[in-house]
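Colleague: There's a structure below that I have some questions on.
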Amino acid sequence: MSGSSDVILDVVNLKKWFPLRRGLREIVGRKPRKYVKAVDGISFQIKKGEIFALAGESGCGKSTTGRTVLRLLEPTDGTVRFMGKDIMSLDQNGIKSFLRRKAQIIFQDPYESLSPRMTVEDIIGEPLEVHRLVNSKEERKEIVSRYLEEVGLTPAKDFIFRYPHELSGGQRQRVAVARALVLEPEFIVADEPVSMLDMSIRASILNLLLDLREKRGLSFLFITHDLSVAKYIADRLAIMYLGKIVELGKATDVIDNPQHPYTKALISAVPVPDPRHKIGEIPIKGEVPSPINIPPGCRFHPRCLYAFEPCDKEEPELREVEPGHFVACHLYDQAR
C-alpha cells in the first residue's frame, strides 16, 4: 500500500485517544492517566474517484476516524496526507483555505446537523459566505438553487425558503448533501448518511452519491455499520474492531469471501430476506471489551472461537492473503 499519484488520502498509523478524567485519589497517588483508545493505529489509502467504506459495530472507531482525518478532532498520533499535503501541519488558516474547501462531511443525523433557525437557502449558502465566494444575495440564491436541483430537490423555489422541520428526512439529507457540495470539494466523508432514513428512501440517497461520484469524480470515505450498504456502494471495504482494521480489500471480496473471524461473525448476523433460511449460531462469544482496557495480543481473541496460543500475546499485523485482500489474524501466520 505504497504512495501513488492517484491517492487522494493517505492515512498512516492514525491514533485518537480520549483522556479520562482522574479523581483526586488518582492524582494524589500519581496513577497514570487512562485513555479511551477510539482509533489505535490504522493505515489505509483512498484513491481519486473511489468509495472506501469503513464498517464495524458501534463504538469501533469508524466515526472518530472520519472526523480525525478532517481535523474536526485533533489526532493523538499518526500522519494524514490529503492531496499530497500533510494536513497535520496546517495552521487554522490552512485548514480553512485548503482543507475545508477541498474536503467536506455529511453527518449521520439530518435532524441535528441542520440548524432549525435557518432556511434551506441560509444552510447551503453559509459556506459561500464564510469563504467569501459570492458578491450578492442574488448570486448566492442562484448557486443554492443550482445545487438543490442537482441533489433532486426540484423545483428549487419550492424548497429554498423552507426550514428543516418542514422537510422529510430524505429531503433534509439531500439538503445536507447540497451543503457539502456547494464548495465543490474533491473528497467527502459520509458518516452513516442513510442510517437515520426509512428503508424506502435509502437507495435513492445511495444512488445520488454514486451519481455525484460519476459526474464530479468525487472520492468518499463512507462510514456504515450495514454491510449490505457497504457492498452496494463501496469499491473497497475495511472492517474495524476496537480501533483497529482487521480486514481490508475489495468490498465484494470481503463480504463474499470473509477471512477474519470477526468479519465472518458480522456477516453471519446479517438477516436474509428468505423465510426458508435458518439462522445458525453466530461464531462469536462474549461482549466487546472496553476500549479503556484493551486485551493484550489480538484484541478480538477473548471472543474468537479459533484463538490459540499466540493470540493472547502478539498483536497480528495486516497481511495480504489474496491479491489486494489483507487480514490481521494469526491463523494466516500459521498457514504461511
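What follows is calculated from the coordinates using simple rules that are stated; it is not laboratory data. In this text the structure is predicted, and so the values were computed from the model without any measurement. In this analysis, Cβ positions are derived from the backbone assuming ideal geometry, glycine residues included, and neighbour counts consider all displayed protein chains.
Colleague: Using a ≥ b ≥ c from the Cα gyration tensor of segment 134-202 (square roots of the eigenvalues), is it rounded, prolate or oblate, where a/c under 1.5 gives rounded and otherwise the larger of a/b and b/c decides, a/b for prolate?
Modeller: Note, shape of segment 134-202 comes out oblate.
Colleague: In nm, to one decimal, how far is the modelled label at Ile95 from the one at Asn257, with both set 7 Å along Cα→Cβ?
Modeller: Here the answer is 4.3 nm between the modelled labels.
Colleague: Further question on the same structure: Neighbour counts of other C-beta atoms within 10 Å: give me Leu181, Leu248 arranged from fewest to most.
Modeller: Leu181, Leu248
Colleague: Ok, one more. Give me the one-decimal Kirkwood hydrodynamic radius in Å for segment 24-111, with the sum taken over alpha-carbon pairs.
Modeller: This gives a value of 15.5 Å.
Colleague: May I pose another question? What ranking, highest mean first, results for peptides 236-245, 143-152, 257-266 when packing means the other Cβ atoms within 10 Å averaged over each residue?
Modeller: 236-245, 257-266, 143-152
Colleague: What whole number of Å gives the distance from the Cα centroid of segment 204-242 to the Cα centroid of segment 20-36?
Modeller: After rounding, the separation between the Cα centres reads 40 Å.
Colleague: While we're on this one: Going through the cross-link list Lys47/Lys141; Lys37/Lys285; Lys47/Lys102; Lys62/Lys157, which pairs have a Cα-Cα distance over 26 Å in this structure?
Modeller: In this structure, Lys47/Lys141; Lys62/Lys157 exceed 26 Å between Cα atoms.
Colleague: Another one. With a 10 Å radius around each residue's Cβ, average the other Cβ atoms per peptide and rank 169-175, 125-131, highest first.
Modeller: The densest-packed peptide leads the list: 169-175, 125-131.
Colleague: Just rank Ile95, Ile51, fewest to most, by other beta-carbon atoms within 10 angstrom.
Modeller: With the sparsest Cβ surroundings first, the list reads Ile95, Ile51.
Colleague: Please enumerate, by chain and number, the lysines with C-alpha under 17 Å from the C-alpha of Lys313, excluding those fewer than 8 residues away in the same chain.
Modeller: Lys244
Colleague: Which residue, Cys329, Gly94, Cys311, has the largest displacement toward the positive end of the dipole of the chain when charges sit on each Cβ (Lys, Arg +1; Asp, Glu -1)?
Modeller: About the Cα centre, the residue reaching furthest to the positive side is Gly94.
Colleague: Taking all pairs of distinct Cα atoms, average 1/r, flip it, and tell me the Kirkwood hydrodynamic radius of segment 180-335 in Å to one decimal place.
Modeller: After inverting the pairwise mean of 1/r, the radius is 17.5 Å.
Colleague: How many nm is it between the label spots at Asn207 and Ser228, if each spot is 7 Å from the Cα in line with the beta carbon?
Modeller: If labels sit at Asn207 and Ser228, their model points lie 1.7 nm apart.
Colleague: Same structure, new question: Which entries of Lys48/Lys137; Lys16/Lys85; Lys48/Lys250; Lys16/Lys96 show an alpha-carbon separation above 25 angstrom in the structure shown?
Modeller: Among Lys48/Lys137; Lys16/Lys85; Lys48/Lys250; Lys16/Lys96, the Cα-Cα distance tops 25 Å for Lys48/Lys137.
Colleague: So what is the 222 nm mean residue ellipticity for the chain from helices alone, if each DSSP H run of at least 4 adds -39500 (n - 2.57) and you divide by all residues, rounding to the nearest 500 deg cm²/dmol?
Modeller: -8500 deg cm²/dmol
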